[in-house]
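Here the structure is laid out as structure tokens; the discussion comes afterwards.
Nothing in this text is a laboratory measurement; each read-out follows from the coordinates by a stated rule. On a predicted model such as this, the values are computed, not experimentally measured, just so you know. Neighbour counts are summed over all protein chains in view; Cβ atoms, including those assigned to glycine, are modelled from backbone coordinates with ideal geometry.
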Amino acid sequence: MVQALNAVLPAHALLWNREDTTPYECDGLTAYRQRPLVVALPETYSEVQAVLKACHALEVPVVARGAGTGLSGGAMPHKLGVTLSLAKFNKILKLDPASRTAVVQGGVRNLAISEAAAPHGLYYAPDPSSQIACTIGGNVAENSGGVHCLKYGLTVHNVLKVKGFTIEGEEVEFGSDALDAAGYDLLSLIIGSEGMLAVTTEVTVKLVPQPLLARCIMASFDDLRKAGDAVASVIAAGIIPAGLEMMDKPMTAAVEDFVHAGYDLTAAAILLCESDGTPEEVEEEIGRMSEVLTRCGATAIAGEPERSRAPAFLEWPKKCVPGLGPHQPRLHVHGLDHSAQTPGRHFAGDCRGWKRSTGCAAPMCFMPAMATCTR
Ligand SMILES: Cc1cc2nc3c(=O)[nH]c(=O)nc-3n(C[C@H](O)[C@H](O)[C@H](O)COP(=O)(O)OP(=O)(O)OC[C@H]3O[C@@H](n4cnc5c(N)ncnc54)[C@H](O)[C@@H]3O)c2cc1C
């Protein structure tokens, strides 16, 4: 295998010694580890193609890898296979404020897109909590979402075009620069296909304008079920919060320990609800949300002072997820493995079910992922 890949890649782009391949032995699902036979780090599209063709000819399995932040073991190597790292494809090729699109390589970090778009008053909406590290190629493979996806959609709603190669090394393109493409809608098939249908090398993403204002409120509940039911009531009232996140008491304590955001540590559960838009829209929506939450039994509602984007209440859980290591394996990230299709319904019951079946003490809830998940 190494000989075959040596013919198509420079020596520095191939790793096969134990100490070099060990860093690739798992993704975020660290319970399972397996060193690959070889790690290939191509730098050009033709090298990606050549690696795939060589592996196909030798019938060697290939596992694409972005940043390895996946929590489902998707990037875990095959012991007799090649791990194909897209780490070198980290360039933003084009950013067009007029069409509000960006063309980026598959290994570009999610957050890097918003950072590049910020001077134009734009950002890339899907914001997995791993966005500081995870790549757009991984996001496409996993149809990743985040706190703001309830309002702004998942990866599948924010990508126009994907370019890449099939496992045989055939060049493929899905979608178009426009909102629709002729023929079958294979873009939706590729997004969320766990990297099984193509290796993504280039993605055209939509950018959205940064809202004038974003504000978050924290509602406290004395019962987890009430907080879960409140989510359903907010949605039923016709409100689509820009962000919605729920944490139970143990998780709130764990997060507060780490970030000191000022969460209510006495509550059985807290709901963080964000509204964005013009100042008038935000004021009106926060008012309506507060009414619904009070009706649903919120024991207290605390607001945040006005500020620009990057809401403290909602950003903190995101920032501190990596810091929750000491709480593993008792940390359960809801939404990533749950395909409930109705926002909020049965949610509180689910939490208790998990506690019973998994012994997890601290479910952390990415409500938008749950609310919009259709897979
Ligand atoms: C702290 C933390 C918080 C997280 N929060 C969220 C969250 O809020 N929402 C969410 O949806 N996920 C979340 N995740 C999971 C993970 O970050 C996402 O699934 C992310 O999209 C994975 O991207 P990656 O670049 O790390 O991909 P990897 O982990 O490297 O790979 C994931 C899968 O995609 C495939 N793949 C990767 N790159 C390519 C490519 N270029 N072409 C084809 N296939 C490819 C791999 O083969 C694998 O199957 C979180 C993970 C962590 C560790």
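Picking from residues in segment 63-82 that are closer than 18 Å to residue 197 by Cβ and surrounded by 22 or more Cβ atoms within 10 Å (Cβ to Cβ), the one that is farthest from the ligand (Cβ to nearest atom) is 82. Restricted to segment 11-54, and to residues there that are touching a helix residue (DSSP H, G or I) at 6+ places or on another chain (Cβ under 8 Å) and part of a helix (DSSP H, G or I), the residue that is farthest from the ligand (Cβ to nearest atom) is 54. The set of residues from segment 184-235 being in a strand (DSSP E or B), among the hydrophobic types (A, V, I, L, M, F, W, C) and out of contact with any Asp or Glu (no Cβ under 8 Å at 6 or more places or on another chain) comprises 199, 203, 205, 208, 219, 221. A count restricted to segment 254-285 and to residues that are of a type in the set (A, V, I, L, M, F, W, C) and within 16 Å of residue 222 (Cβ to Cβ) stands at 6. From the list 122, 189, 160, 150, the lone residue that is over 30 Å from residue 13 (Cα atoms), more than 13 Å from the ligand (Cβ to nearest atom) and in contact with a Gly (Cβ under 8 Å, 6 or more places away or on another chain) is 160.
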